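Novice: Pasting in a structure now, in structure tokens, and then I'll have a few things to ask.
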Amino acid sequence: MTDDLHGGCLCGAVRYRISGAIAATGVAYCHCGMCRKASGAPVMAWATFPAGAVWLTGGAPASYASSPKALRQFCPNCGTQLFFTYTEGEPEFDVAICTLDDPSLLPPRYHIWTASILPWFETADSLPRHTDDGPDWSPYRAGR
Ligand SMILES: [Zn+2]
Ligand SMILES: [Zn+2]
């Protein structure tokens, strides 16, 4: 068992804890246009956990349904994008890695939606790249 992970938004109003006993099922860079718009950054990095691994320890995030089956949660005070969940299928919880107090603890293992990658953005890595929502086992597969 490893230590719990802690994180939160920029202003500190929303805080969360991830159980160290539960491993992420996926850790990926997402190059999709909706993550880009929501974050204002060229790419977002997400870690997926089974529902129940992530606990709010302070504040309450606001939500936005970015598609009929997706909910994005963010701090209502400072706007930091924190969580992503599908409203149908397997109960999973995506955490924006860079909101962790120590984002270096969860390095991405692959890229998804590289069909939408910005022409001026490149990362110097040899991680697997998927033009869509990822490999069959990926928690990011559409509809899951
Ligand atoms: Zn905040
Ligand atoms: Zn995305």
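The values are calculated or read from the model by the stated rules, or taken from the named source; none is laboratory data. Quick caveat: nothing in here was measured; it's all calculated off a predicted structure. Heads up, the Cβs are rebuilt from the backbone with ideal geometry, glycines too, and the neighbour counts pull from every protein chain shown.
Novice: Given Ala24, Ala38, Ala13, which one is away from ligand 1 (no atom under 16 Å from the Cβ), touching a residue at least 40 places away in the same chain (Cβ under 8 Å) and of a type in the set (Gly, Ala, Ser)? Steps first, please.
Specialist: Working: Ala38 fails: away from ligand 1 (no atom under 16 Å from the Cβ); Ala13 fails: away from ligand 1 (no atom under 16 Å from the Cβ).
Unique residue meeting the criteria: Ala24.
Novice: Go through Arg109, Arg15 for me and flag whichever is touching a Gly at 6+ places or on another chain (Cβ under 6 Å) and of a type in the set (Lys, Arg). Outline the logic, then answer.
Specialist: On the way: Arg109 fails: touching a Gly at 6+ places or on another chain (Cβ under 6 Å).
Answer to the check: Arg15.
Novice: Filter the range 88-133 for residues that are among the acidic types (Asp, Glu), surrounded by 15 or more Cβ atoms within 10 Å (Cβ to Cβ) and either more than 16 Å from ligand 2 (Cβ to nearest atom) or closer than 29 Å to Gly58 by Cβ (or both) and give the result.
Specialist: Those that are among the acidic types (Asp, Glu), surrounded by 15 or more Cβ atoms within 10 Å (Cβ to Cβ) and either more than 16 Å from ligand 2 (Cβ to nearest atom) or closer than 29 Å to Gly58 by Cβ (or both): Glu92, Asp94.
Novice: Just to confirm my filter: which strands (runs of 3 or more DSSP E) fall fully inside the range 51-125 and include at least 1 residues that are polar (S, T, N, Q)? Quick ask: steps written out before the conclusion?
Specialist: Details: elements: 54-58, 62-67, 70-74, 81-86, 92-96, 110-112.
Ranges flagged: 54-58, 62-67, 70-74, 81-86.
Novice: Does Gly59 fit the bill of being more than 30 Å from Trp120 (Cβ to Cβ) and not hydroxyl-bearing (Ser, Thr, Tyr)? Before the answer, list the steps.
Specialist: Values: more than 30 Å from Trp120 (Cβ to Cβ): yes; not hydroxyl-bearing (Ser, Thr, Tyr): yes.
The answer is yes for Gly59.
Novice: Answer with yes or no whether Leu71 is surrounded by fewer than 21 Cβ atoms within 10 Å (Cβ to Cβ), within 16 Å of ligand 2 (Cβ to nearest atom) and in contact (Cβ under 8 Å) with a residue 12 or more places away in the chain. So that I can check it myself, show each step before the final result.
Specialist: Numbers: surrounded by fewer than 21 Cβ atoms within 10 Å (Cβ to Cβ): yes; within 16 Å of ligand 2 (Cβ to nearest atom): yes; in contact (Cβ under 8 Å) with a residue 12 or more places away in the chain: yes.
So Leu71 fits the description; yes.
Novice: Of Thr48, Thr85, which residue is of a type in the set (Ser, Thr, Tyr), touching a strand residue (DSSP E or B) at 6+ places or on another chain (Cβ under 9 Å), surrounded by fewer than 21 Cβ atoms within 10 Å (Cβ to Cβ) and within 21 Å of His130 (Cα to Cα)?
Specialist: Values: Thr48 fails: surrounded by fewer than 21 Cβ atoms within 10 Å (Cβ to Cβ).
Unique residue meeting the criteria: Thr85.
Novice: Which condition breaks for Tyr29 when tested against (1) assigned to a loop (DSSP other than H, G, I, E, B); (2) in contact (Cβ under 8 Å) with a residue 12 or more places away in the chain?
Specialist: Status for Tyr29: all satisfied but (1).
Novice: As an exercise: evaluate Thr2 against (1) in contact with a Pro (Cβ under 8 Å, 6 or more places away or on another chain); (2) polar (S, T, N, Q); (3) more than 22 Å from His111 (Cβ to Cβ) and give the number of the one condition it does not meet.
Specialist: Among (1) in contact with a Pro (Cβ under 8 Å, 6 or more places away or on another chain); (2) polar (S, T, N, Q); (3) more than 22 Å from His111 (Cβ to Cβ), the lone unmet condition for Thr2 is (1).
Novice: Please verify whether the range 86-98 includes one or more residues that are more than 16 Å from Val27 (Cβ to Cβ), away from ligand 1 (no atom under 15 Å from the Cβ), under 12 Å from the mean Cα position of the chain (by Cα) and modelled with pLDDT under 95.
Specialist: If we filter the range 86-98 for residues that are more than 16 Å from Val27 (Cβ to Cβ), which is where we start, we get 86-91.
From the residues that got through so far, the ones that are away from ligand 1 (no atom under 15 Å from the Cβ) too are 86-91.
Of the ones still in play, those that are also under 12 Å from the mean Cα position of the chain (by Cα) are 86.
Now narrow it down to the ones that are modelled with pLDDT under 95: 86.
Within the range 86-98, one or more residues are more than 16 Å from Val27 (Cβ to Cβ), away from ligand 1 (no atom under 15 Å from the Cβ), under 12 Å from the mean Cα position of the chain (by Cα) and modelled with pLDDT under 95.
Novice: Here's a check for you: in the range 5-39, which residue that is loosely packed, with under 15 Cβ neighbours inside 10 Å and under 16 Å from Pro76 (Cα atoms) is farthest from ligand 2 (Cβ to nearest atom)?
Specialist: Result: Gly12.
Novice: Also, quick follow-up: May I ask you to say which residue of Thr99, Thr114, Thr57 is over 18 Å from Cys11 (Cα atoms), touching a residue at least 12 places away in the same chain (Cβ under 8 Å), out of contact with any helix residue (DSSP H, G or I) (no Cβ under 9 Å at 6 or more places or on another chain) and not hydrophobic (A, V, I, L, M, F, W, C)?
Specialist: Thr114
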